[in-house]
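Shown next, in structure tokens, is the structure this report addresses.
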Amino acid sequence: MAAVQVSEAEKVYILHGIRDDLRVDGRGCEDYRHMEIETDVVSNTDGSAKVTLGHTAVLVGIKAEIGKPRPMVPDEGYLEFFVDCSANATPEFEGRGGEELGTELSNTLYKVFNNKHSVDLNSLCISAGEHCWVLYVDVLLLQCDGNLYDAISVAIKAALFNTKIPRVHISADDEGGKEIELSDDPYDCMRLNVENVPCIVTLCKVGHRHVVDATLQEKACSVASLIISVTHKGMVTCTRKVGGGSLDPESIFEMTEAGKRVGKALHAPLMKLLQQEESLGKKHQKVGFLG
């Protein structure tokens, strides 16, 4: 993970500010930085989204391909994750550093999103035990300024909302086998229900308090972090502790409750924003270098 050097004086300044619920950039302990979301930004994907959180920028593209269901769950499709940590985001991602972080992020995303409680995997089944849709989720880190997990989770939810899967028609061939035909009509497609798709909230323990959406400077003052995935109903689907320090049970409980509160509040405006952009259709203005 990208890191910065912070002097002892800066650490004291950051710690005292967080203690008084006033961070260096003026936010409270449970406030996010300014977030920008843009969907349908990559033309050769079935769904895509770009999220900018402060100076952290993430691009997600989703491709749907027909594959074979897994033997344990023959009536479900599945998701595959690949995270590319661009060396342009930070020099620390060059070589093995980026590969290790990409693998760590991919494994966490797999636990959070690839289950029937988050995504309706049954809707991805075409023919039980024979064919299903496999969603390849590619994540590209464009710029890193802390809080990667939260930005990636929002981008994945936005990209899944934007994903259009071609309608499948199954017919029998002359030999009695099944023949799969994909609809050529771009409007004859299946959309995913992303209502239950969780968002990840990362809480960093700084001093005796915890903060949401930590910057790299705040991260340098943190002993440990708790990563929590939360649904729109406030239900926790996955938790993971990262960092070399320890967390006492009381801190874990407080951080979990704060994560549930923040995560639940994040879903409603996110879904409202995605639906507004969807209603604009091709009228919405492209911004940034992808415009």
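The values are calculated or read from the model by the stated rules, or taken from the named source; none is laboratory data. Predicted model only: the values in this text are computed from it and were never measured. Note that we place each Cβ from the backbone using ideal geometry, even for glycine, and neighbour counts take in every protein chain shown. With ligands, DNA and RNA removed, areas are computed over all heavy atoms of the protein, side chains included. Shrake-Rupley method; radii C 1.70, N 1.55, O 1.52, S 1.80 Å.
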Check: Does any residue in region 142-158 that is at negative phi and among the basic types (K, R) come within less than 8 Å, Cβ to Cβ, of a residue that is part of a helix (DSSP H, G or I) and at pLDDT 95 or above six or more places away or on a different chain, and which pairs are these?
Finding: none
Item checked: Residue in region 4-12 that is part of a loop (DSSP other than H, G, I, E, B), open to solvent by 90 Å² or more (accessible area, probe 1.4 Å) and either aliphatic (A, V, I, L, M) or touching a residue at least 40 places away in the same chain (Cβ under 8 Å) (or both) present -> yes
Notebook entry, point to check: Checking A49 against (1) modelled with pLDDT of 90 or more; (2) more than 21 Å from the chain's Cα centre (by Cα), which test does it fail?
Noted result: (2)
Next item on the list: Go through region 129-174 residue by residue and tally those that are among the aliphatic types (A, V, I, L, M), in contact with a strand residue (DSSP E or B) (Cβ under 6 Å, 6 or more places away or on another chain), under 16 Å from G102 (Cβ atoms) and in a helix (DSSP H, G or I).
Entry: 4
Next item on the list: For region 175-272, please list each of the strands (runs of 3 or more DSSP E) lying entirely inside it that holds at least 3 residues being touching a residue at least 12 places away in the same chain (Cβ under 8 Å), open to solvent by 40 Å² or more (accessible area, probe 1.4 Å) and not charged (D, E, K, R).
Entry: 236-242
Notebook entry, point to check: Which one of the conditions (1) at negative phi; (2) in contact with a Gly (Cβ under 9 Å, 6 or more places away or on another chain) does R240 fail to meet, given that it meets all the rest?
Noted result: (2)
Next item on the list: Look at I37 and say whether it is surrounded by 15 or more Cβ atoms within 10 Å (Cβ to Cβ), out of contact with any Asp or Glu (no Cβ under 6 Å at 6 or more places or on another chain) and over 21 Å from I200 (Cα atoms).
Entry: no
Item checked: Selection within region 273-289 - at pLDDT below 85, on the phi < 0 side of the Ramachandran plot and open to solvent by 50 Å² or more (accessible area, probe 1.4 Å) -> E278, S279, L280, K282, K283, Q285, K286, V287, F289
Item checked: Any chance E8 is among the acidic types (D, E) and either under 17 Å from K157 (Cβ atoms) or in contact with a helix residue (DSSP H, G or I) (Cβ under 9 Å, 6 or more places away or on another chain) (or both) -> no
Next item on the list: State the number of residues belonging to region 53-80 that are free of Cβ contacts under 8 Å to residues at least 60 places away in the same chain and touching a helix residue (DSSP H, G or I) at 6+ places or on another chain (Cβ under 9 Å).
Entry: 7
Notebook entry, point to check: So which residues in region 214-239 are under 18 Å from the mean Cα position of the chain (by Cα) and of a type in the set (S, T, Y)?
Noted result: T215, S225, S229, T231, T237, T239
Check: Of all residues in region 115-168, how many are of a type in the set (A, V, I, L, M, F, W, C), in contact with a helix residue (DSSP H, G or I) (Cβ under 7 Å, 6 or more places away or on another chain) and farther than 21 Å from S48 by Cβ?
Finding: 1
